[in-house]
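Here, each number is a calculation from the coordinates, and none is a lab measurement. The structure displayed is predicted, hence computed values, not measured ones. Cβ coordinates were reconstructed from backbone atoms using ideal geometry, including for glycine residues, and neighbour counts include every protein chain displayed.
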Amino acid sequence: MNFSEIKSLESKVVMQTYSREDVLLTHGEGCYLFDDQDRKYLDLTSGIGVNCLGHNHPVLVNALQDQVSKLMHCSNIFYNEPMVLAAKHLVESTGMSRMFFANTGAEANEGMIKLARKYSSDRYGKHRFKILSLVQSFHGRTMMTLTATGQDKFHQYFYPFPEGFDYVIANDIESFKEKLDETVCCVVMEMIQGEGGVLPLEKEFVQEAVRLCQEKDVLVAIDEVQTGIGRTGSLFCYEQYDIEPDIVTMAKGLGGGVVIGGFLVNKKCADVLIPGTHGSTFGGNPLSTRAAVTVLDIVDQPEFLQSVKEKGDYFMKGLRSISSRNIKVVRGKGLMIGVIVDPDKRASYIRQLREHGVLALTAGKDAIRLLPPLIITKQEIDIAVEAFREVFS
Ligand SMILES: *Cc1c(COP(=O)(O)O)cnc(C)c1O
């Protein structure tokens, strides 16, 4: 089929939940994607923070080809080695106690909410079930995680929403204290709000919030679905906030393109979920966990993480050097970058960047969001900055 045939068929047979960019991608290589006309694009999207090793990474491809030919799936009624190795890496690297494997970010957060509520009901009874999240947050699209998402535009149509959620203004410790009453069992935060607009939390706020939670045995869950797996220059972003969370959820980058998600818990939460309380048919399958083992082996190395930090600083410095009234601010951490622009012009900027061979994302109401593969080189960053310079001058 050619592109126009594919487009027209898509509009008939695929549910119209996305307004797509006008590009048909066929393959990728490193940080580049190619369309049906063999046009080449520098990929600053990574499939929304997923393809952390870029496209067609030889080590990941080899590992997956090997795993596909051995065993892709066997269900959780049996043991498999890649699952145990992936959990071992995550546990040892973070000092947490146990890992649960699911498939997506929403599912990871859903499991986190279940665990937090059971932890609290085991110890304090039924009345203590409230989940506090932050305004502008994003936690997924299941009913629970939509409700945890602190954006009114998501709280429509699907009534009734589950009860037991409330929202705090990010970086406002007074509002936090007010809401942290005896009905709260867990607080969930993204260290940098991704979908919300690349909005980093302040360290003082996070540390004080965690301290207040610990005083009351309220669990602290960090949603690292977007910020995790090296994206901000440490395996998880919370490490840069010097806190010790109880639960860490992850997905996107963990499989380098293979569907996987899950959550880590500390010692205190290690034995809350027991047989019969939670599970997943696909979660922990040997294909996705082999991908995770391979990704973690590459990404979770001091030199690799340091390079993410340096390349992020280099990228932001380049973007800040563009003198244009139309770039309001450049912010972020590591290779999670927001370029803040006039909301009315943003779609046109994204289109112009694409015409200059660069693919970028949006976030919030006014951010152009950049989540390049973590393997991007300085030369590729130079190419990206040049494209921004041409579009914005
Ligand atoms: C993308 C994202 C999710 C949802 O992940 P899915 O895999 O789409 O379910 C949850 N939390 C954060 C912070 C995200 O960026």
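Remarks
- In this simple spin-label approximation, Asp66 and Glu386 carry label points 7 Å from Cα along the Cα→Cβ vector, and these lie 3.8 nm apart.
- Among 342-351, 198-207, the order from most to least packed when residues are scored by Cβ within 10 Å on average: 198-207, 342-351
- For region 71-299, the relative contact order comes to 30 percent (Cα pairs under 8 Å, sequence separation of at least 6).
- Rough spin-label spacing in nm, given labels placed 7 Å along Cα→Cβ, for Asp35 and Met1: 1.8 nm
- Among beta bridges that DSSP assigns inside region 71-299, antiparallel share in %, nearest 5: 40 percent
- Selection from Cys52, Phe138, Ile113 lying farthest towards where the dipole of region 49-200 points positive, charges on Cβ: Ile113
- Of all DSSP beta bridges confined to the chain, the antiparallel ones make up roughly 65%.
- Using the average count of surrounding beta-carbon atoms within 10 Å as a protection proxy, the listed peptides 288-299, 218-229, 307-318 rank, highest first, as 218-229, 288-299, 307-318.
- Between 0 and 90°, nearest 10: helix 378-392 axis offset from the chain longest Cα axis: 70 degrees
- Relative to the dominant Cα principal axis of the chain, helix 105-124 is inclined by about 10°.
- For region 76-222: rounded, prolate or oblate by the Cα gyration tensor [a/c cutoff 1.5]: rounded
- Over the chain, relative contact order from alpha-carbon pairs under 8 Å, at least 6 apart, %: 22 percent
- For the chain, radius of gyration divided by Kirkwood radius, i.e. Rg to Rh on alpha-carbons: 0.96
- Alpha carbon centroid spacing (whole Å) that separates region 1-49 from region 296-327: 26 Å
- Centre separation in Å (Cα based) which lies between region 207-229 and region 99-169: 14 Å
- Of Lys153/Lys268; Lys12/Lys311; Lys114/Lys153; Lys88/Lys311, pairs whose Cα-Cα distance is over 31 Å: Lys153/Lys268; Lys12/Lys311
- Model label sites at Lys88 and Glu182, defined 7 Å from Cα along the beta-carbon direction, differ in position by 4.7 nm.
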